[in-house]
Structures are given as C-alpha cells and as structure tokens.
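Below is one structure, written out as structure tokens; comments come after it.
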Amino acid sequence: MSDSLRATSGRSYLGEVVGSGGQRWELQLKGSGRTPYSRFADGRKLLRSSIREFLCSEAMHYLEIPTTRAGSCITSDDTVTRDILYSGNPIQERCTVITRIAPTFIRFGSFEIFKARDRETGVTQSYYPQVCIFLTSSFLSQFLSYITPCAEPEDRRARTALFFRDLCVRTAHLVSAWQCVGFCHG
C-alpha cells in the first residue's frame, strides 16, 4: 500500500497552560500536518476518526477513566486520499485538527525514546522529545516529590521505588478501567 494511503500518527506539542485553580494542562495538536516525527505519513487526521476520538475521550472522562480531552475539533475543506477498508478503493476524506488537552502527555510510548534506531523507519526519537529533558533534569526530582510526598526528599532510591510502585498501581487501575469499557490501547 502506498505510504500516502496509510493512517498517520503525527502530533505537534504546543506547550502548557496553568488554569485559575493551579491545574497544569499540556496542549497538543493532532492532524495539523507533517512534523519531524510524522515518519512516513502526511500528518493529517480524518473527520471520522476525529469524531470518534472526541466522543470516546469525553465518554471515558465522564466514566472517570483518565484520558486526554479534545478541546477543539476543527475540520477544513482540505482532503486526503485514504483506503478505509484497505480494499484498493481509496476515497477523498476531509481533514480535521484536534486540540488535545491533558495534565501530561508522558505516556507508555514516551519512554521508547531510549530504544535503538527503528530499522524500518530510521526514527531514533519519540514523538515527545521533551521526555529526555524531563528524565535528565530537576523536573524528575520535582515529579517524584509530587508522586511520593511521604518519602524523605534526600532518599532518592526510596522515592524512586515509591514512584515505581505508585506507577504500577495506577497503571493496573487504568488498564482495568479500560477493559471495563472495552477499550484496548493499540
């Protein structure tokens, strides 16, 4: 299949804002076009998948399952060619850009940044290059302090162990909540 007919996974990280209550939110665009991390695809998102993402993210939010939220969903007159059923019968579909909002976009896949170069794509970086900064700076210490306030600040090993335990517990709860609604992370 032509690379131009495949779905894309390109994202653009916009930055973060702090709400009036002090809650920190990161902003990301999905579907805005090619980025250095788009790999082989065009970086565009389709209207049908954008509607699905919007509805699913809102449903999961109101079911109290942690997820990103869709802050906006904007459709243009631009179209791209996609083969929906991989049948050899591509059609033109309208492009859409979603603004995603979350307390953080650090996720399971973010840590792939440290893996070796991908043989097929040649990509050596994650979609989130800021993860390197996060993991190698004082931000990690601040993050560990947030997650594990019961550990002594000087005892990095204990804080890291508590962080890992908390991460495992939260992950187990998250995955079980996904399974309750039939969601499978792909």
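The numbers here are math on the coordinates, done by the rules we state, and not lab data. As the structure is a computational prediction, the values presented were derived from the model and not from experiment. Every residue, glycine among them, receives a Cβ derived from its backbone with ideal geometry; neighbour counts consider all protein chains shown.
Tabulated data
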{"quantity": "Residue-span extension gain [Ala172 to Ile91] - 0.36 nm each, minus C-alpha spacing", "calculated": "25.1 nm"}
{"quantity": "Extension gain, Arg156 back to Glu64 (0.36 nm per residue minus Cα-Cα distance, nm)", "calculated": "29.9 nm"}
{"quantity": "Cβ-based exposure ranking for Tyr13, Tyr62, in which fewest neighbours within 10 Å come first", "calculated": "Tyr62, Tyr13"}
